[in-house]
Amino acid sequence: MTEATTEVRKMDPALRFDLINLLNINEGWKTLMTKVTVDCNPNNNLKYTYDHVKLIENASKLQQRFCSEIFLEEWGTSGKIRPNLQTLMNLLYEVNLIRAAEAIASKISKDCMTTRMTSFKNILENDENTDDYSNSENFRPTILNTSLTLKNIERFDEIRIPYETLYHATNGFSDSCLIGSGGYSKVFKAELNNRTVAIKRMEKVYEERDIKQYLNEIDNILKFKHVNLLPLLAISEDKHPCIVYEFMENGSLLDCIACKERSSLLNWKLRIKLGIEVASGLVYLHTAFETPIIHRDIKTANILLDKLFVAKIGDFGLTRIGDNTMTSEGKGTSAYMSPEAFRGDVSVKLDVFSFGVVLLELLTGLPPFDEFRQHRDLLTHIIESESPIEDLPDKRAGDWNKMTVEKIYELAKLCTLVSKSKRPFMYGERGVYVALEKIQSEIDGYVS
Ligand SMILES: Nc1ncnc2c1ncn2[C@@H]1O[C@H](COP(=O)(O)OP(=O)(O)O)[C@@H](O)[C@H]1O
Ligand SMILES: [Mg+2]
């Protein structure tokens, strides 16, 4: 039922659709945005600045979604007091966006919507990735308690750990234990039963998408058994969702390459070994199940190194099952994203592309994204700079074999071809994994 008190983030999708279109006309969303005040109180300061407007425009380009849609999502889900339809309607009248205001007015008065209840089961098993969470009325943090019981209760039972235990092990998730953070979580180091672990605490879990993300990650990892995939030890889902992983002493590959002291530890032969290990993990994901599993967020920040420098792919939060799935939104990180992924075309070739960028990082030691570089993302930087091939390899990694550099570079270029059908698969005789193994065996040949 649509009421004046219905929160903007929970409005009926049909109304949302109309508003998105109406607010696009003459950039009405911008006019509206500059009127929004903090916590919906007209006496408070303005909530958004010009920079925020720019951020929305950038996100719109990146995600190929309308600015008005992103703005409604942002405003609807931020701040202590969430805007409701009444607030939105009043503002629309105030800035003379009459058609949009009337669309809300007529919806409220019709009062004919029945609330669609979405169960967790549906979310997990019917994941069409529409990413439209606005219509789900039944998402509350407490639902976590029942959610996991819907699926594989026995498996989750075995690995469940109370949140309190994790809380104490990290001194109340104190910053002194913080070892990393990503788009969806903070990661803390802790001792549990005399074992060093990494505790990933999901942030912002009150939205349906976050819970979905969390459940998706657990559900997937439990299926996986491979030496190059980060194993899960335990989960907590009372109070606040957390995932406990084996602690990876050498941190992320991104940090390892970037860190002055440690980058030299990653000599060029080790880098090739790491490339092979990541490729091996990907071959497993792409082939070991009835339908291929696409990681969707392969990047050096999501590749972790244990104490023996064995690479483990982590962060399965965006992982999806199936091939050629169309999604409404490209996720993952832009420097690693294939062109078709921006259009929502997700296939195993997306992981191949991202892996190509990882190879370039291993080879050059350069950051995947650098805002002070003319071409910010690594791939464009390398293509556009047209530097001779001998300038490419990271000197901190020692004396690269020239042939090896050329072959790795060629392979990375193949992986990052614009046309996804021309990119190789990770698997198969002509796949990336076999190619890398061949490159490695040739090195052994040169050296001996
Ligand atoms: N098991 C682990 N051991 C050591 N560091 C980790 C571990 N897991 C994650 N990290 C660190 O935390 C960061 C974020 O973790 P990740 O799982 O990618 O979270 P997000 O989903 O938020 O991106 C990683 O880039 C890494 O630096
Ligand atoms: Mg991550």
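The values are calculated or read from the model by the stated rules, or taken from the named source; none is laboratory data. Remember, it's a predicted structure, so these values are computed and weren't measured experimentally. Note that each Cβ is placed from the backbone with ideal geometry, even for glycine, and that neighbours are counted across all protein chains shown.
Residues in the stretch 304-314: is at least one under 21 Å from the mean Cα position of the chain (by Cα) and part of a loop (DSSP other than H, G, I, E, B)?
yes
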*Could you tell me which residue of the stretch 51-87 is modelled with the lowest pLDDT, considering only residues that are buried (at least 17 other Cβ atoms within 10 Å of the Cβ) and assigned to a loop (DSSP other than H, G, I, E, B)?*
65
_I'm trying to understand the selection: among the residues of the stretch 414-448, which are over 24 Å from the mean Cα position of the chain (by Cα) and within 16 Å of residue 361 (Cβ to Cβ)?_
436
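Quick test for you: out of 236, 280, 252, pick the one residue that is among the polar types (S, T, N, Q) and closer than 22 Å to residue 379 by Cβ. Full working, then the answer.
Numbers: 236 fails: closer than 22 Å to residue 379 by Cβ; 280 fails: closer than 22 Å to residue 379 by Cβ.
Answer to the check: 252.
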*Going through the stretch 370-417 one residue at a time, which ones are in a helix (DSSP H, G or I), of a type in the set (S, T, N, Q) and surrounded by 18 or more Cβ atoms within 10 Å (Cβ to Cβ)?*
404
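Taking the options 272, 303, 294, 276, name whichever one is over 23 Å from residue 165 (Cβ atoms) and within 10 Å of ligand 1 (Cβ to nearest atom).
One residue alone meets the criteria, 303.
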*Boolean, residue 353 is touching a strand residue (DSSP E or B) at 6+ places or on another chain (Cβ under 7 Å), of a type in the set (A, V, I, L, M, F, W, C) and at negative phi*: no
_Taking the condition of being crowded, with 23+ Cβ neighbours inside 10 Å and more than 14 Å from residue 424 (Cα to Cα), how many residues in the stretch 343-356 meet it?_
1
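Do we have residue 316 as crowded, with 21+ Cβ neighbours inside 10 Å and at pLDDT below 85 here?
Working: crowded, with 21+ Cβ neighbours inside 10 Å: yes; at pLDDT below 85: yes.
Criteria met by residue 316.
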*Just checking, how many residues over the stretch 181-194 are within 9 Å of ligand 1 (Cβ to nearest atom) and either assigned to a loop (DSSP other than H, G, I, E, B) or at positive phi (or both)?*
3
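Any residue in the stretch 51-59 that is among the hydrophobic types (A, V, I, L, M, F, W, C), closer than 25 Å to residue 3 by Cβ and within 34 Å of the chain's Cα centre (by Cα)?
Taking the stretch 51-59 first, the residues among the hydrophobic types (A, V, I, L, M, F, W, C) are 53, 55-56, 59.
When the remaining residues are screened for being closer than 25 Å to residue 3 by Cβ, the result is none.
Within the stretch 51-59, not a single residue is among the hydrophobic types (A, V, I, L, M, F, W, C), closer than 25 Å to residue 3 by Cβ and within 34 Å of the chain's Cα centre (by Cα).
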*If we scan the stretch 234-245, do we find a residue that is over 21 Å from the mean Cα position of the chain (by Cα), farther than 22 Å from residue 435 by Cα and assigned to a loop (DSSP other than H, G, I, E, B)?*
yes
*Tell me, which residue of the stretch 257-295 that is farther than 15 Å from residue 436 by Cβ and in contact with a strand residue (DSSP E or B) (Cβ under 6 Å, 6 or more places away or on another chain) is modelled with the lowest pLDDT?*
291
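Does residue 47 fit the bill of being crowded, with 17+ Cβ neighbours inside 10 Å and farther than 15 Å from residue 73 by Cβ? Step through it out loud before you land on a result.
Numbers: crowded, with 17+ Cβ neighbours inside 10 Å: yes; farther than 15 Å from residue 73 by Cβ: no.
Against the criterion (crowded, with 17+ Cβ neighbours inside 10 Å and farther than 15 Å from residue 73 by Cβ), residue 47 does not qualify.
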_Residue pairs meeting the criteria (Cβ under 7 Å; at least 6 apart or on separate chains; first within 25 Å of residue 15 (Cβ to Cβ), in the stretch 45-69; second part of a helix (DSSP H, G or I) and of a type in the set (Lys, Arg))_ = 53/30
